[in-house]
Structures are given as C-alpha cells and as structure tokens.
Amino acid sequence: MSAAMTSIASTWRLATRGALPREARDTLFLLAVIAWTVAPHLPHVPWWAGALAVVVLLWRGALALRSAPLPPRWVLVGVLAMSVAATLASHRSLLGREAGITLLVALVALKTLELRARRDAFVVFFLGFFLVLTHFLRSQSMPIAAAMLVSVWGLLAALVLAHMPVGRPPLREAALLAGRFALLGAPIMALLFVLFPRIGPLWGVPQDGGAKTGLSGEMRMGEIAELAVDESIAMRLRFTGGARPDPATLYFRGAVLGAWDGVTWRSVMPRTPRLMRVGRDLTTQGTPVDYELTVEPLQIPTLPLLELTPSLPPDAGVRALLREDLSWMTDRPIAERLRLAARAWPRYRAGPLDADAAPREYLALPPGFSPRTLAWAAELRRDPRLAEADAGTLAGALFAHIRSGGFSYTLTPGTYGEDDPRSAIDEFWLDRKAGFCEHYAAAFVVVMRALDVPARVVTGYQGAEFNAADGSYVVRQSFAHAWAEYWQPGRGWVRADPTAAVAPDRIERSRPLTAPRGVIAGAIEGFSPGLLASLRARWEAVNSAWNQWVLGFNRTQQFDLMRELGIEAPQWEDLAFALIGTVVALSLAGAGWAAWAQRRREPWLAAWDGVRRSARELDVDLRAHQTPRALARVLRARHGAAAEPAVRALLALEARRYARDARPLRRADVAPLAREARRALRALGEDAPPAAAHSRA
C-alpha cells in the first residue's frame, strides 16, 4: 500500500510540473491508480500474482517514460497462459472467489501492456472498476471503503482524460471534474441504497468456508487458550433497558458439549431430539434484560446469545432453534454480520427436575481414561462428610480443592497427555495444576461424572468490555470461555464455573489474560498509559456506527423508515413502489436536465453572439461562421488606428477559444474578454462618424 502511495505521489508531481509528454503522463497516472487498487489484494493473492502485477506495472511505466514500443502479442499470450496455469495450481480451480480475484489481478496488469488505443484504455478502466468491487468480497471495513473511493475517483479522472484527446488538460482539472460527477451521482446511490429491498440470500456478500473462526462445535484442551491472544471483536452489545447486569453474569452461550472420547468434547445428539419449550422445560425468573446484539461472521452454526434468551424476534435475520441443551442452533453457519434485539433472563431454571428423569447420557466416561482422577473422585466420595452429599455440595468441594490445591490460571500451560493421551486429565488435576478455562471445565465435568453427577461442558463467551466512547459493550474473541453445568434433582441444570475459583478477576471483572505487549505498544503504553486503549475505543465506536448504519442497514431499518414516512404497516410492495417512483422521478429529472443542456449554448459562442450584436450597432453584420479575427480586419480597415483597442480585445477572445489546454471553457473564462470587446466597440461607435451605408464583412 505504501509503495502504491509513493508511486502515485511521484507521478502526480512529475505530471503537474509538465515534465512528461501527454501520453506518458496519462499512462503513468492510470498505472498509479491501478497499483493503488491492486495493493490491498497483495497480502491475499498467491505470491506469484503479486510479483507479476508489480513487475508488469513497473515494466509498462518504464515503456511509457521511454516512449518505447509495447511487447508483441505472443508475449502477452504466453504470460496469460502461465497465469492461468499458476492459478489452477494455486487454487485447484479456476472458479470461486479466490481464483477469480487472482486471475483478475493478473489480467488487469497484463492489459496495461495493450494500451495502444482508447478502446484498450476503456477496457482497463472497466476492469479497474470491477477490481474495486472484488475488495468488498473480502472486507467491507471503512479503510477498504475509503481506499476504494480513492480508486474510483482516480479511475473516473483517467476516464475524463481519455475523453479529452486534444491538448494537454491538467490532471487537477480532470480530477475536479471526476469528483463533481461522483458527487452528482452520490444522491442517487444513497437513495438506491436506502430503498433497494434486502432479499436474502440475494442481498449480501458470499463467504468462503475457509474464513477465520473463533469457537467451534468441538473442544480440545488448549484450543480456547489460542483464542485468548485474539483481540478481534466477536460481538457488540448494547443494553436498551435501564438496568445493566453485572459483568460476572454476562455469559454468552455457545455449543454445549457432553460427549467425550478422552480427547475431544462434542455435542450430545439425542436419539429423539426435541426443542426446549418455555414453561415445560424452562422457567424464567427475576427481571429480564433487554439488549441489542451485533454478531460478527463467526462461521459457526450456533448463535451465542446472552444467557438466557428463550426466544428471538421474527426479524432476527437468521433461522435458529432453541435446543434442549439451551443452545441456539442455526440452519447454516453465521457467515454475515447479524444484528438483533432480544430479551434475556439472567436467572432461570432449565431441564428435568425429577430424579427419575436424570439425563444419564451426561454420565458417560470413556473406559481406560483418567484412571488416577477417577480414583481420586472415589476417594473423595468415601469422605463421610460427602458420602450422601448432593450435587451442589460436591461441586462446592471441588471448588474448594481448586482454591486450596495450588492451581494456577495461565495461557501457556503446555501440552497435556503427550506421552499418554489417556492421562491428560490426570496430569492437569493431580500433577501440574496449571491451565486455562477449558482445562478446568473439562476436569470439573470428568470428576463430577466420576461422582455420579450428570455434567457437561458449555462453550461461549464470558464478560464484556465497556466502551465509554459510545456506551456499548464489546465482546472479543479473547473473551472465549468454557464453563461447566451439573444436574441436580429439584434444580435442573446449574452453572458452575471453576475458573472463578482460580482466577476470580477473570469472571467478576471481565479481565481475561492477555499476551505480552510488543516493543512499540509497550513503549507507547509507558509514555502515555491508556492511550492505546482510548484510541482503540474511539475507533471501535466509529466502526460500530459504520457496521450498524451502513453494513447493517437491513430490512427492519427500511421498514422503520417507511413507518416514519407515514406508512403504518410497510411491506415489500411499498419499498418496490418507492424505488420505482424514485427511479422514474430521477429519470424524468435527468431527461429534463439533458434537454436544458442541449438548448444551452456553449459559453464562448454565447459571448461571441453578444459581441456580434454590438458590432451590428457599427453597421457591421458578420455571418455565423466568421470569427473575431474577421471582425478585427473590418474594424481596422474602416477606423484605422482608432480601432486598435477593439482589435486587441477581439484577438484575445479568439485566442481564448483556441487555447492549447483545450479544457472546457466556463462562462467566467470568456465573460471578461467579451465585456472588454463590447466596451471597445461602443467606444469606437461614439468616437467614429456614422457610416454612410450598411456593410457586410
């Protein structure tokens, strides 16, 4: 990106100084715009595609500077064939987003070696516009949008230059004209953006399956610790009611994992799956919390909502079902940003209550795994104080063991079970006692099952970071968390977070462990503590507004706008009528403007007509095809030296008409010259005697 900016700046300086021929200047300007447009793709395309684009653009620039001939066509065909073969080798296909972008980068660069005529330039222009669109297949962030706005401006300026084939129009003039065109089209673009129906899945950006993800539907010890260094945003939260819950109660429920093979935790798939029903299996208690949630594309088929959200609004933008394990299962992975409003109850009771209905599937342990931990649990059960204890008492005993047993909370506990995978839980629980949240949750569930208590692992996010810049809460990937639930007769499923026993600040104050700062970040933090956090909060607030009002502008907001305009129950038909009416009105306005522009005379011709009318007062009648020079000859022949002021004014007016820059003349360019010519003609008529007869030049 910096190389492209340097290239554009240097080209602009040379071009504006007039040190380059017109063709070389325009070519270098177009190459600089193409380089700027291609630059954001370079980190994502294969290395050979980036190298090819850089080499070809530099080669074409050198040819333009030396006015050298372009390479023969067979060279281009050969390079194109190698590019296609390399694309096929890199992506195993010529179809799809990544392969298409790679080919387009190569084609745009190669096409610049065919800039022989205006037709070739137009092909490059429109390939450049298409290349601009491909950036939004990867990212719709503000920096990309701003960079592509500059690209569009540059391509429009190059297009304007191509329509000025005569003279040497300044780049600044072309850029200003292109900017004016873009501003004229901006209101139309805004209206279409607001009114165009959002019809899924047609409206949206396609996502590849290989996008970056956070949590998944499985868990292995150590995986969540890898997310702890990821500061990217997973969700944004805003409480719309008066009450704000305590950070310790902010649990965003993801996948629930109950099946364990000794290494990997997975969801339990019951033989007869059923959905959770409020009232029969689930009872909410206390005061609810209203909130708005913006979920980033997490690429998982689970919607991590605030516990406990029993229902979703109809306009949530996603199809999701509340499963029996209280997780929200979506019909497809979350591949686009979602924004929804919901209501949660921090206090609830879920699951069967009768001892006869105990969920026995959450007692299974793989044979041969964790033998020492199972023996430890059996020994704990033989304690007279715990022999007849209920599940809550046993959970409290495990919490007490974690607090007093020398356990530590760390991002780098090392790998467990390297020598023997069957002893991973044993090593953590009885030997090293250092781990992250998933280590504690997994070990807690194993011990509870060994004590004959149904238990399961729950993954999701815990806590949120308050952003004072806009009053919202940010949930980062580093807030990814795993906790446990155990089942107790009469109470149902009960949350138990063993991390709170070893690292209470992590839960109570939403303070996850962070990786050490880099050298630069550490120096800035030492110079001005809190500066980086403040800047990040402000940027995230602006980015949140961009996501909400631009990227997240959906059909709900469209209907809200229609209601504000007086339509009580807006439907798709109302949007369609509004869109059609707007298009028709704009088309009529455009036709009217075109008709007016057609009747409007060019400024120089209008000024010359005024001068011709003044000349008629001197009995000089010029034909329509005659120029100011012809009038000057007549005046000089009739009035001699007295006509010299008028002659000079007329010749200046003619010279302005045929100036070398050939840029479009404005009224302000010719009006002073025309006024001077008319003034000189009037003065000549007052001083000279009237002519004896009418003369025609």
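The values are calculated or read from the model by the stated rules, or taken from the named source; none is laboratory data. Everything numeric here is computed off the predicted structure, so don't read it as measured data. Note: ideal-geometry Cβ built from the backbone for every residue, glycine included; neighbour counts use all protein chains shown. Keep in mind that these areas ignore ligands, DNA and RNA; they rest on the heavy atoms of the full protein, side chains included. Shrake-Rupley method; radii C 1.70, N 1.55, O 1.52, S 1.80 Å.
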Applying the selection to region 401-422, what residues are open to solvent by 30 Å² or more (accessible area, probe 1.4 Å), assigned to a helix (DSSP H, G or I) and touching a residue at least 60 places away in the same chain (Cβ under 8 Å)?
ARG403, PRO421, ARG422
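Which residue, of VAL268, VAL295, VAL278, VAL318, is touching a Leu at 6+ places or on another chain (Cβ under 6 Å), on the phi < 0 side of the Ramachandran plot and at pLDDT below 85? So that I can check it myself, show each step before the final result.
Numbers: VAL268 fails: touching a Leu at 6+ places or on another chain (Cβ under 6 Å); VAL295 fails: at pLDDT below 85; VAL278 fails: touching a Leu at 6+ places or on another chain (Cβ under 6 Å).
Of VAL268, VAL295, VAL278, VAL318, the one residue that is touching a Leu at 6+ places or on another chain (Cβ under 6 Å), on the phi < 0 side of the Ramachandran plot and at pLDDT below 85 is VAL318.
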Need pairs with beta-carbon distance below 8 Å; first residue open to solvent by less than 60 Å² (accessible area, probe 1.4 Å) and assigned to a loop (DSSP other than H, G, I, E, B) and within region 209-220, second among the charged types (D, E, K, R) and modelled with pLDDT of 75 or more; sequence gap 6+ or separate chains.
GLY214/ASP230; SER216/GLU223; GLY217/ARG266
I'd like to verify a number: residues in region 566-577 that are of a type in the set (Asp, Glu) and either part of a helix (DSSP H, G or I) or in contact with a Phe, Trp or Tyr (Cβ under 9 Å, 6 or more places away or on another chain) (or both), how many?
2
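Can you find a residue that is part of a loop (DSSP other than H, G, I, E, B), open to solvent by 30 Å² or more (accessible area, probe 1.4 Å) and either modelled with pLDDT under 90 or not hydrophobic (A, V, I, L, M, F, W, C) (or both) anywhere in region 423-431? Before the answer, list the steps.
Initially, region 423-431 is screened for residues part of a loop (DSSP other than H, G, I, E, B), giving none.
No: zero hits.
Identify all residues within region 578-611 that are open to solvent by 80 Å² or more (accessible area, probe 1.4 Å), in a helix (DSSP H, G or I) and either touching a strand residue (DSSP E or B) at 6+ places or on another chain (Cβ under 7 Å) or at pLDDT below 80 (or both); write none if there are none. Quick ask: steps written out before the conclusion?
Here is the first cut: in region 578-611, the ones open to solvent by 80 Å² or more (accessible area, probe 1.4 Å) are 580, 588, 593, 596, 598-601.
Narrowing further to those that are in a helix (DSSP H, G or I): 580, 588, 593, 596, 598-599.
Matches in region 578-611: TRP593, TRP596, GLN598, ARG599.
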Looking at (1) among the hydrophobic types (A, V, I, L, M, F, W, C); (2) modelled with pLDDT under 90; (3) within 26 Å of MET164 (Cα to Cα); (4) open to solvent by 30 Å² or more (accessible area, probe 1.4 Å), which is the one condition that is false for ALA64?
(4)
LEU115: of a type outside the set (Val, Ile, Thr), at pLDDT below 85 and open to solvent by less than 50 Å² (accessible area, probe 1.4 Å), yes or no?
yes
Please name all residue pairs, on different chains or six or more residues apart, with Cβ atoms under 6 Å, provided the first residue is in region 534-556 and is aliphatic (A, V, I, L, M) and the second residue is open to solvent by less than 50 Å² (accessible area, probe 1.4 Å).
ALA537/ASN467; ALA541/ASN467; ALA541/ASP470; LEU551/GLN140
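Conditions (1) touching a helix residue (DSSP H, G or I) at 6+ places or on another chain (Cβ under 9 Å); (2) farther than 26 Å from ARG456 by Cα; (3) open to solvent by 30 Å² or more (accessible area, probe 1.4 Å); (4) in contact (Cβ under 8 Å) with a residue 24 or more places away in the chain, marked per residue:
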{"residue": "ASP290", "(1), (2), (3), (4)": "no, yes, yes, yes"}
{"residue": "GLU296", "(1), (2), (3), (4)": "yes, yes, no, yes"}
{"residue": "GLN299", "(1), (2), (3), (4)": "no, no, yes, yes"}
{"residue": "PRO304", "(1), (2), (3), (4)": "no, no, no, yes"}
{"residue": "PRO310", "(1), (2), (3), (4)": "no, no, no, yes"}
{"residue": "LEU322", "(1), (2), (3), (4)": "no, no, no, yes"}
{"residue": "TRP328", "(1), (2), (3), (4)": "no, no, no, yes"}
In the list GLY392, GLY405, GLY414, which residue meets the criterion of being of a type in the set (Gly, Ala, Ser) and closer than 22 Å to LEU257 by Cα?
GLY392
A careful count of residues in region 377-400 that are open to solvent by less than 60 Å² (accessible area, probe 1.4 Å) and farther than 17 Å from TRP483 by Cβ gives 9
Within region 614-626, is even one residue over 30 Å from GLU654 (Cβ atoms) and small (Gly, Ala, Ser)?
no
Being part of a helix (DSSP H, G or I) and of a type in the set (A, V, I, L, M) is the filter here, so list the residues in region 44-62 that pass it.
ALA49, ALA51, LEU52, ALA53, VAL54, VAL55, VAL56, LEU57, LEU58, ALA62
Could you look through region 449-489, keep only residues that are under 20 Å from LEU394 (Cα atoms) and part of a helix (DSSP H, G or I), and pick out the one that is least open to solvent (accessible area, probe 1.4 Å)?
ARG449
Search region 118-165 for residues being among the β-branched types (Val, Ile, Thr) and open to solvent by 40 Å² or more (accessible area, probe 1.4 Å), and hand back the single one that is nearest to THR27 (Cα to Cα).
VAL123
Odd one out for SER83, checked against (1) hydroxyl-bearing (Ser, Thr, Tyr); (2) out of contact with any Lys or Arg (no Cβ under 8 Å at 6 or more places or on another chain); (3) within 19 Å of ARG25 (Cα to Cα); (4) buried (at least 16 other Cβ atoms within 10 Å of the Cβ):
(3)
Any residue at all in region 490-509 that's touching a residue at least 24 places away in the same chain (Cβ under 8 Å), among the acidic types (Asp, Glu), out of contact with any Phe, Trp or Tyr (no Cβ under 8 Å at 6 or more places or on another chain) and assigned to a helix (DSSP H, G or I)?
yes
Subset of region 348-371 (residues that are closer than 12 Å to VAL446 by Cα and either surrounded by 14 or more Cβ atoms within 10 Å (Cβ to Cβ) or of a type in the set (Gly, Ala, Ser) (or both)):
TYR362, LEU363, ALA364, LEU365, PHE369, SER370
So which residues in region 333-347 are at pLDDT 85 or above and open to solvent by 70 Å² or more (accessible area, probe 1.4 Å)?
ARG343, ARG347
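Okay, residues lined up against (1) free of Cβ contacts under 8 Å to residues at least 40 places away in the same chain; (2) more than 25 Å from SER139 (Cα to Cα); (3) hydroxyl-bearing (Ser, Thr, Tyr):
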site: TRP47; (1), (2), (3): yes, no, no
site: VAL56; (1), (2), (3): no, yes, no
site: PRO69; (1), (2), (3): yes, yes, no
site: ALA85; (1), (2), (3): yes, yes, no
site: LEU95; (1), (2), (3): yes, no, no
site: ALA99; (1), (2), (3): yes, no, no
